[in-house]
Amino acid sequence: MNDYSPERIADRMAIQDTMYRWCRSVDRLDFDAMRTVFHPDAVDHHGAFDGGVDGLIDWIRNRHRDIPFSMHAVSNMLIEFAGLDLALVETYVRTTQRYPAEAAQALAQLAGGKAPEGAMDLMTCSRYVDRFERRNGEWKILERTLVADWKQVAPVAPDAPRPVPGWASGRRDQEDFVFKERRALGLG
């Protein structure tokens with residue numbers, strides 16, 4: 001039976017916020033923020049990577065080094081409480097990433113070892129199956145398994161649209177527009 005007491009709704013919102021912070025941290029390459037969504041002893045089973053949080057962050061840092069665009073979008077999120085401080089969370093995630101030719105080896109890690117030729121866009125439909133645990137009042141991931149349901153790569157056309165100079169364009173660092181706004185509002 002599901003519990004929708006005010007306390008459990010607050011727990012659900014805290015877990016959901018953690019998932020959103022994960023997506024932003026990966027897409028903006030905010031390595032410090034990545035660490036905040038996991039317990040220090042957490043384990044991640046991410047297909048090409050299997051290990052602890054420090055290793056996961058290093059793996060992402062290396063694999064994403066030459067990837068100029070990444071967007072993780074989470075949707076369906078089913079939270080099942082297994083105890084007062086323990087939950088199983090299944091979250092659907094769609095990922096789109098741009099892999100220029102110099103990032104072919106990073107894409108090969110996800111494509112069975114075969115490096116494609118030329119720039120590619122990767123689109124995926126996957127699920128995070130996470131064991132969340134509340135410690136010291138904070139819900140964080142204790143164990144994550146990425147379940148890969150579907151992947152597709154598409155060549156990037158030489159005449160593909162590019163960001164328009166002068167428009168706000170996404171960046172994968174602390175100079176992204178959202179971080180400028182956070183600093184302007186005293187949030188970061």
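Derivation of every value follows stated rules applied to the coordinates shown; laboratory data play no part. Treat the numbers as computed from the prediction; the structure is a model and nothing was measured. Positions of Cβ are generated from backbone atoms using ideal geometry, with glycine treated the same way; all protein chains shown enter the neighbour counts.
Things worth noting here:
- Normalised by residue count, segment 129-188 yields a Cα convex hull volume of 150 Å³ per residue.
- Between VAL129 and GLN174, the FRET efficiency from the beta-carbon distance, with R0 = 30 Å, is close to 0.45.
- Coarse-grained scattering of segment 32-136 at q = 0.18, 0.24 Å⁻¹, given as base-10 log I(q)/I(0) from a Debye sum over alpha-carbon atoms: -1.00, -1.44
- Distance distribution note for segment 1-84: the fraction of Cα pairs above 16 angstrom is 61%.
- Per-q log10 I(q)/I(0), segment 68-188, q = 0.11, 0.14, 0.18, 0.20 Å⁻¹ (Debye; single scatterer per alpha-carbon; no solvent): -0.57, -0.86, -1.09, -1.14
- Cβ-Cβ distance of GLN109 and ASP41, R₀ of 35 Å, FRET efficiency by 1/(1 + (r/R0)^6): the value works out to about 0.90.
- Over the chain, Cα pairs under 8 Å with separation of 6+ residues give a relative contact order of 20 percent.
- Pairwise FRET efficiency - ASP159 versus ALA48, Cβ, R0 = 30 Å, nearest 0.05: 0.40
- Pairwise label distance in nanometres, LEU78 with ASN2, each label 7 Å out on the Cα-Cβ vector: 1.1 nm
- Value at 222 nm in deg cm²/dmol, rounded to 500, when DSSP H runs of n ≥ 4 in the chain each add -39,500 (n - 2.57): -8000 deg cm²/dmol
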